[in-house]
Structures are given as structure tokens and as C-alpha cells.
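Right, one structure below, let's go through it.
Coordinate-derived values only; no laboratory data. Quick caveat: nothing in here was measured; it's all calculated off a predicted structure. Methodologically, a virtual Cβ is constructed for each residue, glycine included, from the backbone with ideal geometry; neighbour enumeration extends over all protein chains shown.
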There are 2 protein chains.
Amino acid sequence: MRLSSRGEYGVRAMIHLALNYNEGFIPLSRIAAVEDISQQYLEQIFANLRRGGLIRSNRGVKGGYALASPPQAICVGDIIRVLDGPITPVNCVSDEGSDDDCRCGKSDDCLARSLWIKLRDHINQLLDGITLQDMLNWKY
Amino acid sequence: MRLSSRGEYGVRAMIHLALNYNEGFIPLSRIAAVEDISQQYLEQIFANLRRGGLIRSNRGVKGGYALASPPQAICVGDIIRVLDGPITPVNCVSDEGSDDDCRCGKSDDCLARSLWIKLRDHINQLLDGITLQDMLNWKY
DNA sequence: TTAAAACCATACTGGATTACTCAGGATTAG
DNA sequence: CTAATCCTGAGTAATCCAGTATGGTTTTAA
């Protein structure tokens with residue numbers, strides 16, 4: 001049940017952008033330095049965040065990245081799903097997963113399945129209920 | 001945020017034992033066959049469950065495995081923790097994890113950290129609140 | 001006593017995934 | 001022009017996972 005480093009870095013970087021929401025575009029190099037993340041690795045992560053519509057970018061000198069929406073409109077679940085795909089404990093209860101992904105053949109009368117669904121929904125509901133703004137408000 | 005196959009198989013096997021709680025010791029071969037899991041792999045999993053005190057075993061012809069406690073006394077969190085270690089989204093908020101495991105240097109003033117703690121507790125509370133008996137009651 | 005059934009332990013392995021790095025191209029402000 | 005910045009795709013070393021392989025030991029029915 002571990003989060004990938006992509007997800008972890010992505011959330012940290014998004015918090016960074018949220019903290020500087022009024023400052024315009026923030027260059028990636030600064031985020032990488034402050035957050036102590038490999039810049040090239042962060043570039044990959046930001047490419048995904050951008051394709052997912054969570055951030056927007058400006059190229060060239062004075063360019064950088066900024067949130068695509070205000071901090072109260074972006075939740076943690078969005079970030080993690082964009083970077084890591086559907087949030088689910090096992091493939092067979094994922095939206096994208098088919099029954100072929102099910103390690104137990106039965107699919108239907110599978111008691112465990114009910115558990116995975118509960119767990120999946122529980123995690124998603126929590127992560128969808130926490131926005132970047134919520135996290136900024138936690139500060140001290 | 002995926003569960004390991006160990007955890008998944010472990011939960012399935014424990015449900016199997018719970019369903020047959022009154023039948024005495026169940027041989028591993030039967031569980032492996034019914035649940036369609038490699039017997040050798042299941043043996044590894046059961047060794048961990050036994051060391052963790054969740055099941056007990058009898059050797060010899062007529063031997064097998066049984067729950068160490070009644071189904072209402074064993075929760076899903078116990079099973080997964082025995083098989084996969086602490087349930088935590090990132091190492092740095094795990095009981096066993098030190099600050100060295102923290103990918104962000106700051107440990108303290110880390111906004112993301114509060115999030116990981118919330119997520120960790122949320123998941124553990126859910127999984128600790130569901131016993132094997134609860135799952136049996138879900139049937140139909 | 002013996003052999004089968006079952007548990008027990010450890011080492012190994014092939015494949016997948018992860019977490020990056022490398023190299024270079026495209027864009028734009030000054 | 002040029003320096004700063006975004007952008008892209010390929011490559012790679014290491015790790016982890018899932019499952020095998022091998023070879024026990026213990027118990028009990030017959």
C-alpha cells in the first residue's frame with residue numbers, strides 16, 4: 001500500500017505551486033532545488049501533470065509552471081490519479097481493470113472483492129476531499 | 001497504492017479458514033486448490049501468518065491450518081500487516097520508518113507529511129474495523 | 001515400522017516496475 | 001543572438017515481486 005515516488009513528489013510540487021499561486025510562473029529549477037528533487041525526474045512528472053490539465057506552463061525565459069486552477073479546486077486524488085493511474089488496492093476493482101485482471105477467478109461471489117471495493121472507495125473519498133487549499137490551511 | 005499479491009492471497013485464504021472455522025484443521029492443498037493459488041507460494045504466506053500468531057497448524061496426515069482466534073477477533077489490518085509490514089503510504093510516517101526514510105529532508109515543517117499521516121490512519125482504521133466475521137456476514 | 005501426508009525453510013530466478021539519467025530539441029524574453 | 005526555460009523520448013541500473021525449486025522435518029494412519 002505504498003505510494004510511488006512520482007505521486008509523493010507530485011503532491012509536494014503541487015503544494016509548492018499552491019504556496020506561490022500569486023507569483024505567476026515558477027521555474028522548475030527552483031522547485032527542484034527547494035524540494036530537493038532531481039530536476040529531470042520532475043520534468044517527467046510535470047509533463048504528466050500538464051497533460052492531465054492540472055498545471056499550465058510557459059516556455060522561454062521567465063517561463064515556468066503554475067496551477068491550472070485555484071488551490072481550492074485541485075484535490076489530492078486528482079494529482080495521484082494523473083501520476084499513478086486509478087487508485088485501487090487490486091486491479092480487478094479498478095475502473096480500467098477488466099475481470100481478466102482478477103487473480104481470483106470468481107469475480108462475482110468473491111467476498112474479498114467487497115472488501116477491496118470498500119477500501120478503494122474509502123481512500124478515494126478521503127483524497128478527493130482534501131484540496132491543496134485545505135493543506136495550506138493546515139500550516140501551524 | 002496497490003496491495004501485494006501476498007496480501008491479497010492472504011486475505012482470501014483467511015476468509016477460507018473463517019468459512020470453515022468449525023471443521024478443524026484444513027489442509028493447505030485444499031485451500032490452494034479451491035482458491036487457485038500456487039501451493040508453494042501459499043506455504044510461504046501461511047508461514048508468515050503462523051509466525052504472526054494469526055493461524056495455528058497441525059502436522060502430519062490429517063494436519064492442516066486453522067484460525068488461531070475466532071473470526072470476530074481477527075481483522076483485515078492484522079492480516080495485511082503481518083504479510084506486508086506496516087500499512088503506510090510513505091516510509092517516513094511508518095512506525096518502523098526513521099527520518100532517514102524521508103524523501104523530503106524537512107520531516108517537521110512538511111505539509112505533505114500531515115497528509116500522509118491522515119491517509120495512513122484512515123486506511124488503518126478502516127482495515128482494523130473489519131473482521132473476518134464481518135466479511136462472512138456480507139455474504140449475499 | 002513405514003510411508004504418505006502435511007508442514008517448514010531457504011535459495012533462486014525471471015520478469016516487471018521504479019526511479020531515475022541522458023541527450024537533445026523547441027520556444028521566448030531581453 | 002543567446003541564455004533561460006520548457007519539452008520529449010530513449011535508455012538503464014537497481015530493486016522488488018511473484019512464483020519455483022529443492023530438500024528437508026514432523027506426525028499419524030495403517
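For this structure, a couple of remarks:
- Dipole magnitude of the range A:1-40 about its Cα centre (Cβ charges: Lys, Arg +1; Asp, Glu -1), debye to nearest 20: 140 debye
- Here the range A:25-102 yields Rg over Rh of 1.09, to two decimals, using C-alpha coordinates and the Kirkwood radius.
- Lysine pair count for the protein assembly as shown (Cα-Cα distance under 21 Å; residues 8 or more apart in sequence or on different chains): 7.
- FRET efficiency for the pair A:Glu43 and B:Arg56, taken as 1/(1 + (r/R0)^6) with r the Cβ-Cβ distance and R0 = 51 Å, rounds to 0.45.
- The angle between the Cα long axis of helix B:39-51 and the longest principal axis of the Cα atoms of chain B comes to about 70 degrees, rounded to the nearest 10.
- P(r) tail fraction, chain B - alpha-carbon pairs more than 20 Å apart, %: 51 percent
- From the alpha carbon centroid of the range B:1-45 to that of the range B:60-88 is 10 Å.
- Across the options A:Ser4, B:Val93, A:Thr88, the greatest Cα extent toward the positive end of the charge dipole of the protein assembly as shown (unit charges at beta carbon of Lys, Arg, Asp, Glu) belongs to A:Ser4.
- Label-point spacing at B:Ser57 relative to the other copies reads 5.3 nm, in ascending order, each point sitting 7 Å out from Cα along Cα→Cβ.
- Chain B, relative contact order in percent, only Cα pairs under 8 angstrom and at least six apart counted: 27 percent
- Computed over the range B:1-70, the P(r) curve from all C-alpha pair distances, binned at 10 Å from the origin, holds 21, 60, 18, 2, 0 percent per bin.
- Angle between chain A longest axis and helix A:5-19 axis [Cα atoms, degrees, rounded to 10]: 40 degrees
- When shorter helices are ignored and each DSSP H run of at least 4 residues is given -39500 (n - 2.57), the per-residue value for chain A at 222 nm works out to -15000 deg cm²/dmol.
- Neighbour net charge for B:Ala68 - beta-carbon separation under 14 angstrom, K R +1, D E -1: +2
- 31 Å tail of the calculated P(r), the protein assembly as shown, as % of Cα pairs: 37 percent
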